[in-house]
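Following: one structure in structure tokens, then a few remarks.
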Amino acid sequence: MIETEAWVLHQGDGSRQPGQLVLEQFSFSEPDDTEVLAEPLYGTWEGNMTHAMTRNPVDVCRLRMERRIVLGNAGVVRVVETGKNVTRCRPGDVCVVIPIGKPDSQGYPIEVYGYDNRGSVGLLAKRTKLREDQLIPLPRETRYSLLQWAGTSVRYATAWDNWRVTWACWRSQWTNGIAPTPHVWGWGGGVALAELLLAKRAGCRVAMIASNSERLRQISALGITPVDRREFLELSFDAARHGADIDYRTAYAAAEVAFLRKVRQLTDGQRVSIFIDNIGTPVLRATLKALARYGVLTTVGWEGGTDMQFRRPTECIGRHIHIFTHGSSYEGGDAAIADAEAAGEILPVGDDVYDWARIPQLAEDFAAGRIRGYFPIYKVNGA
Ligand SMILES: NC(=O)c1ccc[n+]([C@@H]2O[C@H](COP(=O)([O-])OP(=O)(O)OC[C@H]3O[C@@H](n4cnc5c(N)ncnc54)[C@H](OP(=O)(O)O)[C@@H]3O)[C@@H](O)[C@H]2O)c1
């Protein structure tokens, strides 16, 4: 067995009480011939880690049928030892993690390493083991820092895979081959931001919605139009309250009007052609209203709620295409990393860097919306 120090999440008692990270010894079986023993260097805190801590929508420990788990699905690791059948990486290589826990027949993740994949030991541990198809060695002469790779690589790979499908769907609608230049907007965090960079590179007019000044500054610095969510903060749809609470309904209606006015203003009245929505339920109703005819609604996440309600005739007659994807395959991740390196377009990492001892503080700050930028980092073995 390998013994290591780790920040561990314990199974809940079924009451949906949020969990805590506890610093403990954790053990796992020796890597087999197809696996790698690795030292995590830097990780990035992601939405799914908060979903796991808050046991929302599920208690991931119960889902995995494990009493204690180690989270952490995105970051960079140093390879320590490789099994004798491993060919893609060698001891000493620094790799980004592509968190395919359990792949389907096309190589896409059904379960995510360091999240819902049973038996996986995530990056909140001083040592872990991974399969070689979960690791992409970084270019030796990379132009980016390890902190940048840790913060952005998985988000970029997820965005890259989703954008490939979204762009193909959008373009498929113009049989004469002449597609209009689309307006692409994004709700969400780092994944939406990465996808907007890809859209910009494809020649689209791009805008991102955010609610803090540092994020709005970063969006603008990347050449993306910033849209300040604080102008319509009450835009958070809740069907039950909408039916029962007149004050809520009035405030929501005013926020929706303000949002749609902003959309028309920034799109010359045309509305949005492609809306990247990784938030879900609270913004879906307004997002669909903001979507132009032939519009594409695309998503990889459900930060604010999982359920969708919409009127099928409105969507059909509006010729709206809905796209759902999640993580990338190994090949997609590999292509995305190569693309990020070649394009010189990896995303910035701000001041949100937490030492090993302060990881619980990072969990708290993320859940409370106190992270200033998009790519919060935690240090494991990195300097
Ligand atoms: N990271 C990945 O590779 C990956 C892969 C698949 C799926 N996902 C899922 O995709 C979702 C987004 O992940 P992410 O990493 O891009 O985001 P993130 O970095 O976690 O940021 C989410 C941001 O969304 C905004 N937001 C939250 N609630 C909102 C609401 N009710 N209305 C409008 N905006 C709201 C907030 O931005 P402001 O505070 O600036 O308004 C928040 O910081 C998560 O559910 C995640 O699990 C992520």
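The values are calculated or read from the model by the stated rules, or taken from the named source; none is laboratory data. The structure presented is a predicted model; accordingly, all values stated were derived computationally and were not measured. All Cβ positions, even for glycine, are placed from backbone atoms using ideal geometry, and neighbour counts span all protein chains on display.
When the criteria are applied in full, residue 200 fails the requirement of being within 16 Å of the ligand (Cβ to nearest atom) and either buried (at least 21 other Cβ atoms within 10 Å of the Cβ) or charged (D, E, K, R) (or both). Number of residues in segment 33-74 that are of a type in the set (D, E, K, R), in contact (Cβ under 8 Å) with a residue 60 or more places away in the chain and away from the ligand (no atom under 16 Å from the Cβ) equals 3.
Counting residues in segment 75-88 that are within 18 Å of the chain's Cα centre (by Cα) and at pLDDT 95 or above gives one or more. Taking the conditions exactly as written (in a loop (DSSP other than H, G, I, E, B), within 16 Å of the ligand (Cβ to nearest atom) and in contact with an Asp or Glu (Cβ under 6 Å, 6 or more places away or on another chain)), does residue 117 satisfy them or not? Criteria met by residue 117.
Among the numbered conditions (1) under 25 Å from the mean Cα position of the chain (by Cα); (2) closer than 27 Å to residue 333 by Cα; (3) among the hydrophobic types (A, V, I, L, M, F, W, C), the only one that residue 37 does not meet is (1). Please indicate, with yes or no, whether at least one residue in segment 233-242 is farther than 20 Å from residue 274 by Cα, more than 10 Å from the ligand (Cβ to nearest atom) and of a type in the set (Gly, Ala, Ser). Checked segment 233-242: at least one residue is farther than 20 Å from residue 274 by Cα, more than 10 Å from the ligand (Cβ to nearest atom) and of a type in the set (Gly, Ala, Ser). Here is the figure for segment 259-308: residues that are farther than 23 Å from residue 181 by Cβ, in contact (Cβ under 8 Å) with a residue 40 or more places away in the chain and either away from the ligand (no atom under 16 Å from the Cβ) or not in a loop (DSSP other than H, G, I, E, B) (or both) total 6. The residue of segment 123-141 that is surrounded by the fewest Cβ atoms within 10 Å (Cβ to Cβ), among those that are touching a helix residue (DSSP H, G or I) at 6+ places or on another chain (Cβ under 6 Å) and of a type outside the set (A, V, I, L, M), is 139.
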